[in-house]
Amino acid sequence: MELDAIPQPALEQIQRVQGADLVVGIIHPGGNGSRANAAAVVREALQTFPQPPRAVLVIDDHGTGEIDTIEDPSLAVLPYRLSAAASPALTPQSFFDAYQTIFGLGRKIGVRACTVIASELQCVTPAWIDRLARPPLEMQFDLVAPRYARHKWEGLINRSILAPLSRALYGKRIQNPLGPDLSVSVRLLQSILDDHSAARGMNAGMPVAAVISTAVRANLQICEAEMGARMQPPADWMNLSSLLAQMLSPTFLDMERNAALWQRVRGSQPVPAFGRMEPAPEESGPVDAGRLIDSFQLGAKNLQDVWGLVLPPTSLLEIRKLARQTAAQFRMPDELWVSTVYDFALAHRVRTINREHLLRSFTPLYLGWIASYALEMERGGPFEVDARLDRLARAYEAGKPYLVSRWRWPDRFNP
Amino acid sequence: MWEQVQQALSQSTTRVVSQVASLLPGIVALLLALLISIVVALAVSGVLRRLLTGVQFDERVSRWGLQSLHEWSPRKSPTLLVARLVAWTVILIGFAIGIAALDLSLTSALVLRFFEYLPHVLASIVVLVVGNAVARFMSRSVLIDAVNMNLQYARLLSTGVRWMVMVLAVTMALEHLAIGGGIIRLAFGILFGGIVLALALAVGLGSKELVSRSLEREANRVAEESEEPVRHL
C-alpha cells in the first residue's frame, strides 16, 4: 500500500488537513534542520502566489515519527519513513517507494497538485517550488517536467536513452522525462496511481517512469520548468550496470504496457517551458575516452554470444568493426545506437534472455556510446551539444518504424 | 552298445528339438512384437512430430530459455528428440511384451528391476537438466559481471564456473544411478579439492603478482572514476 510509510499520528493529521491544494514531497532525507529549511523555502514560494494555496510538506522523519506543530495553517508538515535500511544514501527501491507514498498522500488529502523534489535541498530555491507548483495550480497544466542547466558530461543515461526514447515514443520533446523533480495535477495523479495498481502484477516498479506515457494517453497538458543547476543526493547504486538496469527496466516495462499508444504517435512537438534558462556549469575536466573504449572492446570480445541473442547480425558486425577502430576514429553511428536500444527493449519484452542479464550486458555498449560522444564533443560548446543531442533524438524518431515492425512481428527475425 | 548310443543320441536330439520347438512360438511372438512395436513407434513418432511442428515446439523451447535442449537434440531439433524418445519407449514396451511371451518369470524380474531403477533414472535426468540450466545461468552471470568489472579473464572465469557446476551435476546424477559408487565420490573430491587448492596456491603464491596487478588496476580505475566528470544521472 502506498501509505504504509506514514505513521498513524500523521495519518490522523491528514484527516485534519483535508482540502489542501498542494502536496510538496521532499525525498532526500537531508541533515538536521532540513525540515525547517524545507518549510521555509516552501512557505516563501507560496507567498508569491496571488492567493497562497494551502500546502502540505511531506518530508522524511528520520524514523522518529515526530510531527512538527503547525504554526502556519497554510503549511502543514507531515513525516514519512524511507526504506528500513535507513542508509544515508537512497536505494533505488526507497526512491521509488517515496514517489508512490507522496502520490498516494496527495490523492488521500485530495490536493489539486503534487510536487516532488528529489534533488539536494541545498539547490532547491523558492523559485523551484514556484515553477513546479504554479503551472498545475494556476495554468491548467497536468505535468511539469524539469529542465536543468547541465554541463555536457552530465545526465548521460537521460541524454543517450531516456529523453530521445521518450520523445520518439510519445512525441513530446522533454529534457528529463523521468524528472526526478516534477509536479503533477490531480487528474494525472489519479491516472498514475490507478495504472500503477493495475500493473502491480507486471512488476510496475517506478511510477515516475509512467508519468509521460500516462499524460499523453490521457491527452493531458505537459510543460517544462527551468530549474537551473541541480545537485544530486548520493545514491546507493552499486555500480553502473546496476544503475542502468534500474533505470532501463521500468522504462522498457512502460513501453510494453503502452505499446498500443506509442505505435500510433508520429513525430514530436516541443512543450511550453517556463522560467529563465540558466547557463550550464563548466565541466570539471575531459573524459578519459580510452578507458571507455577499452570497456567497450572487452564487451565486444566476450559478450558476442549474449549480444547475438538480442541483436541482428548487421548490428553485431558493425559493433565488431567499431571495436577494431582506433580512439581517433571511434565514432558510434546514431543509427547503430538507436537500433541497439530498440533491440534491447524488444528483447526485454520477449524475454529472449534473463532480463537482469540483458540489462547488465548493455553496459559496454553504453560505455561505447559515451566514448564516441566524448570524442565528438570534446571541444563542443553548449550549442554544439544541443545540436548533437537533437540529431540523436531525430535518429530515434527516424528509427521508430524499425521498432514498430520488430515489436509487431518479433518472430520474423530470430537471431 | 551302439544301439544304446543311438538311443541316447535320439533321446537328446528329441529333447533339444522339442525344447526348441517349445521356444519357437515365443521367439516368433518376440519378433512379431518387435516388428509391430517398430511400426507403431514410427507411426506415433510421425504423428507427434507433425503435432509438435504445428505448435512450433522448437521456437517455444527457445523462448522458454532452454537453449541447451537444442544442443542436445538430434539435428538441433527438440521436436525430433521428443519424437525419437517416444518411439524408443514404444519399441522398449514391445520388446518387454515379446520377452514376456518368451519367459514370463524372466520378464517379471526384469520389469520389477526396471521399475525400481526408473525413479533413479528420472531423478538423474532432472539433476542433469537443472544442473545444465544452472551452469549456463551462472556462467553467463559471471561473464557479464566480470566484463563489467573490466576483468580480462572474464571468459576463463565464466567457463570455469560452468564446468564446476556441470561436474557437480554429473557427479550427483551418477550417484543417483549408482554408477561408480565410491570411485566417483573420490574422483569428485580430488578434482574439486584440487581446483580449490590450486586456486588458493595461485592467489597465495604463483599468480600473486598477476592478481595484485589486476586488483591495483581496478583500484586505480575506481579512483579515476571518482575524478571523472561523467555523471550518468
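The values are calculated or read from the model by the stated rules, or taken from the named source; none is laboratory data. Computed from a predicted model, the values in this text were never measured in an experiment. Glycine gets a Cβ as well: all are built from the backbone with ideal geometry, and neighbour counts include every protein chain shown.
Odds and ends about this structure:
- Filtered by the rule that a residue be crowded, with 17+ Cβ neighbours inside 10 Å, aliphatic (A, V, I, L, M) and either within 12 Å of chain A (Cβ to nearest Cβ) or in contact with a His (Cβ under 6 Å, 6 or more places away or on another chain) (or both), the stretch B:126-140 gives a lone residue, B:Ala133.
- In the stretch A:249-302, the residues that are under 24 Å from the mean Cα position of the chain (by Cα) and among the charged types (D, E, K, R): A:Asp254, A:Glu256, A:Arg257, A:Arg264, A:Arg266, A:Arg276, A:Glu278, A:Glu282, A:Glu283
- The residues of the stretch B:57-73 that are within 12 Å of another protein chain (Cβ to nearest Cβ) and at pLDDT 75 or above, listed by number, are B:Asp58, B:Glu59, B:Arg60, B:Ser62.
- Checking each residue of the stretch B:75-97 against the condition of being within 14 Å of chain A (Cβ to nearest Cβ) and surrounded by fewer than 19 Cβ atoms within 10 Å (Cβ to Cβ) gives at least one match.
- Within the option set A:Asp294, A:Asp254, being outside the structural domain of A:Leu162 (by TED's automatic domain parsing) and assigned to a helix (DSSP H, G or I) holds for one residue only, A:Asp294.
- Candidates A:Ala300, A:Ala280, A:Ala235, filtered to the one that is modelled with pLDDT under 85 and not assigned by TED's automatic domain parsing to the domain that holds A:Leu121: A:Ala280
- Evaluating A:Glu226 against the criteria (1) within 14 Å of another protein chain (Cβ to nearest Cβ); (2) charged (D, E, K, R); (3) part of a strand (DSSP E or B) leaves one unmet condition, (1).
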